[in-house]
Amino acid sequence: RCHRFGAACALAGFAAVAAVAAVAFSSRVAAAQGAVAQEGALFLLAPIGARAVGMGQAVSASDLGSESIWWNPAGLARTTRREAAVNYSKTVIATGSAVDVVVPAGRAGVVAAAVYLFDPGQQPVTDVNGSTVGSINPRSVVIAASYAATFGSRVNTGVTYKHVEDRLDCSGSCTVPSYAVSTTAFDLGMQVIADPAKRLTLAFAVTNLGFRLQVIDASQADPLPTRMHFAAQYAIPAVERMVTDGVLKIGAEFVGNLSLGNSSLRWGGEFAYQQQYFLRAGLLDGSGDGSRSTVGFGVQRGGIAMDFAQAFGGFSSAAGKSPTYVTLRFRF
């Protein structure tokens with residue numbers, strides 16, 4: 001029936017899903033007010049992808065190509081070319097590496113797969129005299145699989161399955177035990193093109209929805225850092241009239257923390273010239289790396305694109321190492 005009633009039906013569906021999520025969020029906020037919730041697997045909040053970071057992480061309503069695997073799988077739905085990408089990030093806490101692959105399957109939709117390694121690096125273990133007696137090597141891995149599909153000309157939907165693994169290996173004399181634990185999580189998302197000119201896109205997503213991560217025992221298992229996202233993106237027509245082959249898209253995003261009962265806002269934008277040169281900037285709070293503002297740029301020639309972003313503010317910048325993100329994409 002949505003094929004018959006077009007945008008009105010799509011917007012009604014979007015509103016219904018948003019309303020259900022808002023009620024669920026309100027209930028979780030009320031529950032969280034009685035006690036401080038603890039979250040596990042916080043590495044799931046580390047941002048992945050230079051384009052998304054450059055836009056201030058306000059990207060749930062965006063078409064990011066392969067990066068959409070990590071932000072809103074609905075953004076994959078209208079992908080028409082296969083894509084492979086390598087993402088790299090460096091902060092004071094860890095390095096992050098992700099490899100993404102996206103394959104359109106025609107009318108059957110779009111499938112994608114990715115793997116992400118969050119590596120804080122090997123750390124020495126010392127005794128009371130300060131001598132090194134061993135080492136610990138913490139690492140976290142996410143293996144993801146996504147599926148996205150369109151409904152009519154204005155609705156995108158998607159889901160991502162994540163296998164999440166957290167481990168700590170120790171050699172020599174260790175004061176903490178080694179462990180390797182895993183759990184399952186899902187990202188669910190939808191995007192709705194809300195106007196006939198296809199300039200305004202609304203989006204809703206729930207990320208890291210899954211089972212608790214148990215390191216010691218069930219009573220001490222921590223909930224995953226589940227987040228709820230409401231976002232909008234708009235392509236400004238005045239810019240296209242003033243700059244030939246120029247497109248400016250701006251976005252805003254509300255992020256709700258389902259465990260702690262608080263929220264944050266993100267703003268960002270991207271200016272594209274001839275779809276070959278890109279400038280990006282963003283402002284945010286409550287980000288996974290603690291950053292407050294971002295800038296980025298990208299260059300695309302043929303089927304090859306490179307994106308770069310830098311984040312400012314937060315604990316990493318305070319330690320003298322502003323987070324840096326690089327993405328190399330291949331479309332074929």
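Does Arg81 fit the bill of being part of a helix (DSSP H, G or I), in contact with a Lys or Arg (Cβ under 9 Å, 6 or more places away or on another chain) and open to solvent by 30 Å² or more (accessible area, probe 1.4 Å)? Here the answer is no, as Arg81 does not meet what is asked. Filtering segment 90-127 to residues that are closer than 30 Å to Ser173 by Cα, in a strand (DSSP E or B), open to solvent by 60 Å² or more (accessible area, probe 1.4 Å) and not polar (S, T, N, Q) leaves Lys90, Leu117, Pro124. Going residue by residue through segment 244-255, is there one that turns out to be modelled with pLDDT under 95, in contact with a strand residue (DSSP E or B) (Cβ under 8 Å, 6 or more places away or on another chain) and not small (Gly, Ala, Ser)? No. If the condition is being open to solvent by less than 50 Å² (accessible area, probe 1.4 Å), in contact (Cβ under 8 Å) with a residue 40 or more places away in the chain and of a type outside the set (Ser, Thr, Tyr), then segment 313-325 contributes only Pro323. Of everything in segment 164-211 that is open to solvent by 20 Å² or more (accessible area, probe 1.4 Å) and of a type in the set (D, E, K, R), the residue that is farthest from Leu44 (Cα to Cα) is Asp195. Every condition in (1) open to solvent by less than 20 Å² (accessible area, probe 1.4 Å); (2) closer than 25 Å to Ala305 by Cβ; (3) among the small types (Gly, Ala, Ser) is met by Gly256 except one, and the failing one is (2).
The values are calculated or read from the model by the stated rules, or taken from the named source; none is laboratory data. Predicted model, so just to flag it, every value in this text is computed and none were measured. Cβ coordinates were reconstructed from backbone atoms using ideal geometry, including for glycine residues, and neighbour counts include every protein chain displayed. SASA here: full protein model, heavy atoms, side chains in, ligands and nucleic acids out. Shrake-Rupley method; radii C 1.70, N 1.55, O 1.52, S 1.80 Å.
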